[in-house]
Amino acid sequence: MKNDRKKNPRREFLSATGKALAGLGVIAGGSSLLGAATGDAATESFPTADYDWTKHRWAYGIDATKCIGCLRCVEACKAENDVVRDATHFRTWVERYVYLEGEEKARVDSHSDPKNIAASGSEATYRFDNRYQDAKVTKAFFVPKICNHCSHPACVQVCPVGATFKAEDGTVLIDHDYCIGCRYCVQACPYGARYFIEEEGVSDKCTWCYHRITKGLQPVCVDVCPTRARVFGDLNDDSSTIREFVDNNPVQVLKPESGNGPMCFYIGIDKDVS
Amino acid sequence: MTQKLPKHIVRLLLLLGCFLLVAYAAKVYLTDPSYYKYGYYRADAVPELAAGAPLYQGSAYCLECHPERSADWPLTPHKAVQCEVCHGASEECPVKEGTRIPADTIRLCSNCHEKMPARPAAHPQIVLGEHPFADGETMPCIECHDPHAPGPVAREEVTTAVESALAATDVAAPPGAKKCAKCHGKQGEGVKKNPALAGKEAARFIEQMNLYRSGAGDSKIMTRFAKALSDEEIAELAEYYQSLPAAHPRQLKE
């Protein structure tokens, strides 16, 4: 038996290739470590001269009891971020939950519903129709939604090329240069927060208006909300509105069981909202 | 005592080695230099994403050139409504076209104020088709409401307040005066763009009301109110307002 094993050519082959691969692996690993080490130890602030991303931990708050469903957030977001002006591409949206008398499940619709498109006149303008004005409504509310910029984002985990990533300040960003358009992230997101740009062949998502927050502005959806249903701020800053929002309210997150650790905190939503 | 590898296996190994070398070289040369800087992503993407110019500048930016707005707007129920919500993104105003609100103010205002289940009850809402006129006739919202300082809140409140506050003179206030007072002031003193009625010459009052009744007036709402009044009612109102003291001599000329 022993002799047989030693003379087994397949075993020899496997062991030889194994060693060769291990050798290459060491070289590869070593050089990538080297690559990582050569990145300068960053004394200057990154990503811009006025903004150091290690000093911030952004979070988002939504008070659903204040939302009036005017959709100015969707309108402004599309303009600010140059999002395709149709019903299926959006970075933020608002859902309407309506419970009719005798029904247990909520009826849910958003701006992409055909009746709402008809009410707004086109897919490039946003408005809720008034279809429930004569119905017997037992409970109804609006829920603004947006990318949750999760602490452990599934979309980042599934990206095969490192095109989407979690920045040091908590935002989940996407690098269009590296995106290969496989759409794994669109599938992986439990919140449906991502969309695919067919023309460019890349996925896209909310960045919390990264070009604004790095200049000291608020994301545009927060800025234009006429009822202040949306708040945004830095959890590292004890006097920020988001700190006040999270500390002084019973907040909840969407789909906590998904394990993504969402960073959008809600007030006033029903258990059916997910 | 290793047995020499067969030739075809050696070739295979060499091929594999070449493939791995090419793959590794490709990885090294094609990977962006900033790729591993902060993690498994291209660090240079972050400043790129941070670079864009904001389109929405915020109300503070608008108020720099329109300081007159900082007097009324921050004190009103619309204080949380940024200029750009109704006027659109300012981009690089002051020369920007299209910062005017849309011509259809009913549609613009009803975007937030149309009565709808799911809107919070405390939010001011109207039933389109019942407001301002129960028969469904419409009128631009800004005929009565100033979007920069909106109100009144509840019509009933206004009516009761007006009733008790109507000026006491030797001429009894006719019932129609309550309606006038809503826009022209409790004492007919005039409110904002709505001219004063107090002290107005009765003949002039009747003349103007008749103009509105003919449909030739410049105000839709005044036309509507005037058409609802009889000659006697107009005469009563004219007499009543003439009897009230004018607040300012300038208003007499109106």
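The values are calculated or read from the model by the stated rules, or taken from the named source; none is laboratory data. Keep in mind the model is a prediction, meaning the values are calculated, not measured. Quick reminder, even Gly has a Cβ in these numbers, built from the backbone with ideal geometry, and neighbours come from all protein chains shown.
Exactly one residue out of B:S90, B:S70 is more than 13 Å from the chain's Cα centre (by Cα) and within 13 Å of another protein chain (Cβ to nearest Cβ), and it is B:S90. Being within 11 Å of another protein chain (Cβ to nearest Cβ), free of Cβ contacts under 8 Å to residues at least 12 places away in the same chain and at negative phi narrows it down to one residue among B:V28, B:V22; which is it? Of B:V28, B:V22, the one residue that is within 11 Å of another protein chain (Cβ to nearest Cβ), free of Cβ contacts under 8 Å to residues at least 12 places away in the same chain and at negative phi is B:V28.
Filtered by the rule that a residue be closer than 21 Å to B:E137 by Cβ, surrounded by fewer than 16 Cβ atoms within 10 Å (Cβ to Cβ) and free of Cβ contacts under 8 Å to residues at least 24 places away in the same chain, the stretch B:217-246 gives B:D218, B:K227, B:A228, B:S230. Scanning the stretch A:256-271 turns up one or more residues that are assigned to a loop (DSSP other than H, G, I, E, B) and either outside the structural domain of A:Y60 (by TED's automatic domain parsing) or free of Cβ contacts under 8 Å to residues at least 40 places away in the same chain (or both). Look at A:C159 and say whether it is of a type outside the set (A, V, I, L, M), crowded, with 19+ Cβ neighbours inside 10 Å and within 11 Å of chain B (Cβ to nearest Cβ). Criteria met by A:C159.
Considering only the stretch B:200-219, state which residues are small (G, A, S) and either within 30 Å of the chain's Cα centre (by Cα) or part of a helix (DSSP H, G or I) (or both). Hits for the stretch B:200-219 are B:A202, B:A203, B:G215, B:A216, B:G217, B:S219.
Filter the stretch A:59-81 down to the residues that are assigned to a loop (DSSP other than H, G, I, E, B), more than 14 Å from A:T125 (Cα to Cα) and not polar (S, T, N, Q), then identify the one that is farthest from the other protein chains (Cβ to nearest Cβ).
Taking the candidates together, the pick is A:A64.
Pick from B:L21, B:L13, B:L75: which is among the hydrophobic types (A, V, I, L, M, F, W, C) and surrounded by 13 or more Cβ atoms within 10 Å (Cβ to Cβ)?
After applying the criteria, what remains is B:L13.
In summary, A:S122 fulfils each of the numbered conditions (1) touching a residue at least 40 places away in the same chain (Cβ under 8 Å); (2) more than 10 Å from chain B (Cβ to nearest Cβ); (3) hydroxyl-bearing (S, T, Y) with the single exception of condition (1). You will find that of A:G259, A:G268, the residue that is at positive phi, within 14 Å of another protein chain (Cβ to nearest Cβ) and of a type outside the set (D, E) is A:G268 and no other.
Within the stretch A:89-112, which residues are assigned to a loop (DSSP other than H, G, I, E, B) and closer than 15 Å to A:C70 by Cα?
A:S110, A:H111, A:S112
Applying the condition of being assigned to a strand (DSSP E or B) and over 14 Å from the mean Cα position of the chain (by Cα) to the stretch A:189-232 and asking which residue is surrounded by the most Cβ atoms within 10 Å (Cβ to Cβ) yields A:F232. The sole residue among A:E80, A:E12 that is modelled with pLDDT under 90, at negative phi, surrounded by 13 or more Cβ atoms within 10 Å (Cβ to Cβ) and charged (D, E, K, R) is A:E12. Only one entry of A:C147, A:C179 meets the criterion of being hydrophobic (A, V, I, L, M, F, W, C), within 13 Å of chain B (Cβ to nearest Cβ) and either surrounded by 19 or more Cβ atoms within 10 Å (Cβ to Cβ) or within 14 Å of the chain's Cα centre (by Cα) (or both), and that entry is A:C179. Of the numbered criteria (1) more than 10 Å from chain B (Cβ to nearest Cβ); (2) more than 23 Å from the chain's Cα centre (by Cα); (3) crowded, with 23+ Cβ neighbours inside 10 Å, the one A:F128 fails is (1). Among residues of the stretch A:58-86 that are among the polar types (S, T, N, Q), none has a Cβ under 6 angstrom from a residue that is modelled with pLDDT of 95 or more and surrounded by 24 or more Cβ atoms within 10 Å (Cβ to Cβ) at a sequence gap of 6+ or on a separate chain.
Condition check ((1) part of a loop (DSSP other than H, G, I, E, B); (2) crowded, with 16+ Cβ neighbours inside 10 Å; (3) in contact with an Asp or Glu (Cβ under 6 Å, 6 or more places away or on another chain); (4) among the polar types (S, T, N, Q)) across all residues:
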| position | (1), (2), (3), (4) |
| --- | --- |
| B:R42 | yes, yes, yes, no |
| B:V46 | no, yes, no, no |
| B:E64 | no, no, no, no |
| B:P67 | yes, no, no, no |
| B:E91 | yes, yes, no, no |
| B:P94 | yes, no, no, no |
| B:P102 | yes, no, no, no |
| B:P117 | yes, yes, no, no |
| B:P120 | yes, yes, no, no |
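Close contacts from the stretch A:94-110, counting a first residue that is in the same structural domain as A:V143 (by TED's automatic domain parsing) and on the phi > 0 side of the Ramachandran plot and a second that is of a type outside the set (F, W, Y) and surrounded by fewer than 19 Cβ atoms within 10 Å (Cβ to Cβ), with Cβ to Cβ under 9 Å and a gap of 6+ residues or different chains, come to A:G102/A:K136; A:G102/A:T138. For residues that are touching a Cys at 6+ places or on another chain (Cβ under 7 Å) and of a type in the set (S, T, N, Q), tally how many sit in the stretch A:237-274. Adding up the residues that qualify gives 1.
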